[in-house]
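FYI, it's all coordinate maths here, none of it is from the lab. As the structure is a prediction and not an experimental result, all values here were calculated from the model. Cβ coordinates were reconstructed from backbone atoms using ideal geometry, including for glycine residues, and neighbour counts include every protein chain displayed.
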Ligand code: BT5
């Protein structure tokens, strides 16, 4: 029987913020969840829209069982597997660097925050995961980029508590596997679920800098390797869009 280390909160500002602030008292492998967030965080100061009925979760990893950049592979794959198990009809896939998409719309975002001590030494990682389960189309339309939920795709409400348990199991399996020298295996699986090689992509590097090119590969640190105008460019962070996003042959 699984021993679920899940700490359920009501309304919080952000589960990642809560997990970072209470890191010392939370056990390794705990999943902190909330009903709603008043200040859900995305990357680069962006906001995560967090109405009731969805998953807002932060998973605690203590120490440094693997490099920091591997944490988002575990979070993304766990969310992907939980969605596949709970709603098998959905066409879900990973979109570099840290999203889960359903067709052409975002259904889940991942934000990994490092926990450090006063000397900036790593103490662990908080894996933040937001998954749209039951948000209706009207609310999704208010988000500034294409977004969807399980409910919007299937018209079936999904039981959040059951889903959170599934997510917890997937996270724990991947965490254990990653801590036991299987991070290379996880990398290959994560890469296989991601944007396939040969796709034409546009990468936004900053407000003023964009590059376009062909995806040659995704490297061992999760970096995109793009051929662009005769050069090879490696991209470690950023936002990408993909042409002909559907019909990925896996
Ligand atoms: C992310 O950032 O996608 C990371 C989101 C992580 C959220 C979780 S919830 C639990 C934990 N606690 C937190 O405070 N955060 C984590 P990014 O790649 O920067 O994408 C943010 C962008 O996604 C926004 O600027 C919007 O365009 C879009 N967006 C916002 N809310 C959304 C939603 N609910 N569904 C789909 N897209 C959304």
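Of (1) more than 15 Å from residue 167 (Cα to Cα); (2) in contact with a helix residue (DSSP H, G or I) (Cβ under 7 Å, 6 or more places away or on another chain), residue 34 satisfies all except one. Which?
It is condition (1) that residue 34 fails.
Please work out if residue 92 is without any contact (Cβ under 8 Å) to a residue 40 or more places away in the chain, more than 9 Å from the ligand (Cβ to nearest atom) and crowded, with 18+ Cβ neighbours inside 10 Å.
Working: without any contact (Cβ under 8 Å) to a residue 40 or more places away in the chain: yes; more than 9 Å from the ligand (Cβ to nearest atom): yes; crowded, with 18+ Cβ neighbours inside 10 Å: yes.
In short, yes.
Taking the stated definitions as given, is residue 171 touching a helix residue (DSSP H, G or I) at 6+ places or on another chain (Cβ under 6 Å) and in a helix (DSSP H, G or I)? Spell out how you get there, then give the answer.
Values: touching a helix residue (DSSP H, G or I) at 6+ places or on another chain (Cβ under 6 Å): yes; in a helix (DSSP H, G or I): yes.
Criteria met by residue 171.
Starting from residues that are part of a helix (DSSP H, G or I) and without any contact (Cβ under 8 Å) to a residue 40 or more places away in the chain, keep the ones in the stretch 152-168 and report whichever is nearest to residue 23 (Cα to Cα). Walk me through it before giving the result.
Step one: of the stretch 152-168, the residues part of a helix (DSSP H, G or I) are 152-154, 160-168.
Of the ones still in play, those that are also without any contact (Cβ under 8 Å) to a residue 40 or more places away in the chain are 152, 161.
Numbers: 152: 35, 161: 23 Å.
For the stretch 152-168, the residue satisfying everything is 161.
Taking the stretch 31-56 as the search range and keeping residues that are part of a strand (DSSP E or B) and more than 8 Å from the ligand (Cβ to nearest atom), which one is surrounded by the most Cβ atoms within 10 Å (Cβ to Cβ)? Full working, then the answer.
At the first step, the residues of the stretch 31-56 found to be part of a strand (DSSP E or B) are 31-37, 41, 47, 55-56.
Still in the list and also more than 8 Å from the ligand (Cβ to nearest atom): 31-33, 35-36.
Working: 31: 25, 32: 23, 33: 21, 35: 16, 36: 15.
Checked the stretch 31-56; the qualifying residue surrounded by the most Cβ atoms within 10 Å (Cβ to Cβ) is 31.
I'd like the full set of residues that are in a helix (DSSP H, G or I), over 24 Å from residue 30 (Cβ atoms) and touching a residue at least 60 places away in the same chain (Cβ under 8 Å), limited to the stretch 174-195. Steps first, answer last, please.
Restricting attention to the stretch 174-195, the residues satisfying the condition of being in a helix (DSSP H, G or I) are 174-179, 183-193.
Narrowing further to those that are over 24 Å from residue 30 (Cβ atoms): 184-185, 187-189, 191-193.
Listed by number, the residues that qualify are 187, 189, 193.
If you take the residues in the stretch 105-123 that are in contact with a strand residue (DSSP E or B) (Cβ under 9 Å, 6 or more places away or on another chain) and over 21 Å from residue 57 (Cβ atoms), which one is farthest from the ligand (Cβ to nearest atom)?
Residues of the stretch 105-123 that are in contact with a strand residue (DSSP E or B) (Cβ under 9 Å, 6 or more places away or on another chain), as a first pass: 105-117, 122-123.
Filter once more, keeping what is over 21 Å from residue 57 (Cβ atoms): 116-117, 122.
Details: 116: 18, 117: 22, 122: 19 Å.
The selected residue is 117.
Picking from 59, 69, which residue would you name as being touching a residue at least 24 places away in the same chain (Cβ under 8 Å) and not in a helix (DSSP H, G or I)?
Working: 69 fails: not in a helix (DSSP H, G or I).
Sole residue among the options that is touching a residue at least 24 places away in the same chain (Cβ under 8 Å) and not in a helix (DSSP H, G or I): 59.
If you take the residues of the stretch 124-150 that are free of Cβ contacts under 8 Å to residues at least 60 places away in the same chain and in a helix (DSSP H, G or I), which of them is nearest to the ligand (Cβ to nearest atom)?
So, considering only residues that are free of Cβ contacts under 8 Å to residues at least 60 places away in the same chain and in a helix (DSSP H, G or I), the one nearest to the ligand (Cβ to nearest atom) is 140.
Quick one: which of 28, 3 is more than 8 Å from the ligand (Cβ to nearest atom), within 19 Å of residue 116 (Cβ to Cβ) and part of a loop (DSSP other than H, G, I, E, B)?
On the way: 3 fails: within 19 Å of residue 116 (Cβ to Cβ).
Unique residue meeting the criteria: 28.
List pairs: first residue in the stretch 15-31 and farther than 14 Å from residue 128 by Cβ, second residue not in a loop (DSSP other than H, G, I, E, B) anywhere in the structure, Cβ distance under 6 angstrom, at least six positions apart or on different chains.
Sorted first by the residue in the stretch 15-31, then by its partner, the pairs are 28/62.
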